[in-house]
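For reference, the structure is listed below as structure tokens.
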Amino acid sequence: MNLSPPQPVAIARHRIHPDTRPAYVHLNVADLEQQLRFYQQVIGLQINWRDGQQAGLGVDERDLVRLTQLARGKRYRGVTGIYHYAILFPNRRELARAVGRLFALRWPNYPTDHVMTKTTYLADPEGNEIELYCESPEDGVFGFNERGEFYAVWADGRLSNGREPLDLDALFAHLSPTDRLNTPVPPDTRIGHFHLYVASLPATRHFYHDLLGFDDMGMARSFRMGMVSAGGYHHHIGYNTWQGEGAPPPPSDALGLNHIAFTLPDQPAWDSLLSRIEYLQLPYEQTEAGLMLTDPAQNRVLFKLS
């Protein structure tokens, strides 16, 4: 078994800049006040701004989560949208602090070892799924093999299903007795990836890989999931059809995903992407925030300058 880091299955001919990174997730919520308390007290984000029924939270005046309250919003099942979004911590110590805070608050969460990442999963008060994780490539690798099958392998060669229980004793060993659990997340915390519900694996791959230029990191049809990224990262977007092949988009009053956002590193990267979009005649909206596009499952994605 190859234990080297996962490599792109295919690099797009018109590749998006490899330093393109996830910026933030924007959610439609029913109760803004409740959500603000959760993201501050449970996750450890800080309020960066608030304007009426909208707010942005994150670190160092950089938004990771944006919220818009919908007065009569509803939650729908069996539709496309966000499966989860993932907050990436800089190291195991900071993940341990975040997980420790969840346990201290008795907030339900599910610590999981993906071998190449250490993770816990939880939901906010309205059911939006969140992953908190850190990288651990020294422990092993995961990815898709040439047959389109998911694999995970420990560094010593042992196979894993990629969803083993996380060793919490080992994780919490990175904390000292003087470490406080209620401090805000560190300034180098960022969004690591998004995982989307989509209607079609091939159509989603075509949009993000062939058209926008993300690296194809593999697809497992039997698992009904694929991954793409910028610059060969294991995944910046995961996508699946677990809501059903051909799942419809949510109605306009739906709670959940408003859009996901990516940051482009510089003006040439912006110009290149805009030129590509216009050449392909892809529908887009140029807003003050950036370029807003819609994928084949009607998930909205925004690109902005750093």
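Please treat every number below as a calculation from the coordinates, not as lab data. Quantities reported herein were computed from a predicted structural model and do not represent experimental measurements.
Listing for the model above:
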item	result
Label of the coordinate-derived value, Cα extents along the principal axes in Å, listed as (1) 57, 54, 38; (2) 76, 50, 33; (3) 56, 41, 37	(1)
Segment 21-305: antiparallel DSSP beta bridges as a percent of all, rounded to 5	75 percent
Structure-based [θ]222 nm, the chain - -39500 (n - 2.57) summed over DSSP H runs of at least 4, per residue, nearest 500	-4000 deg cm²/dmol
Calculated from backbone phi, Karplus (6.51, -1.76, 1.60) coupling profile of segment 125-138 in Hz, x at Gly/Pro	x, 9, x, 6, 7, 10, 10, 10, 8, 9, 7, 8, x, 5
Residue of 223, 150, 262 that the Gaussian network model of the chain assigns the largest fluctuation, springs spanning Cα pairs under 10 Å	223
Segment 84-203, relative contact order in percent, only Cα pairs under 8 angstrom and at least six apart counted	35 percent
Relative contact order, percent, segment 111-179 [alpha-carbon distance under 8 Å, six or more residues apart]	31 percent
Whether segment 67-220 is rounded, prolate or oblate, judged on the alpha carbon gyration tensor where a/c under 1.5 counts as rounded	oblate
Listed residues 177, 18, 137, most fluctuating in the chain (Gaussian network, C-alpha, under 10 Å)	177
Kirkwood Rh, angstrom, segment 234-279 [1 / mean 1/r, Cα pairs]	14.1 Å
Gaussian network model of the chain, Cα within-10 Å springs - most flexible of 241, 178, 287	178
Cα gyration tensor, segment 208-268 - rounded (a/c under 1.5), prolate or oblate	oblate
Over segment 21-305, relative contact order from alpha-carbon pairs under 8 Å, at least 6 apart, %	23 percent
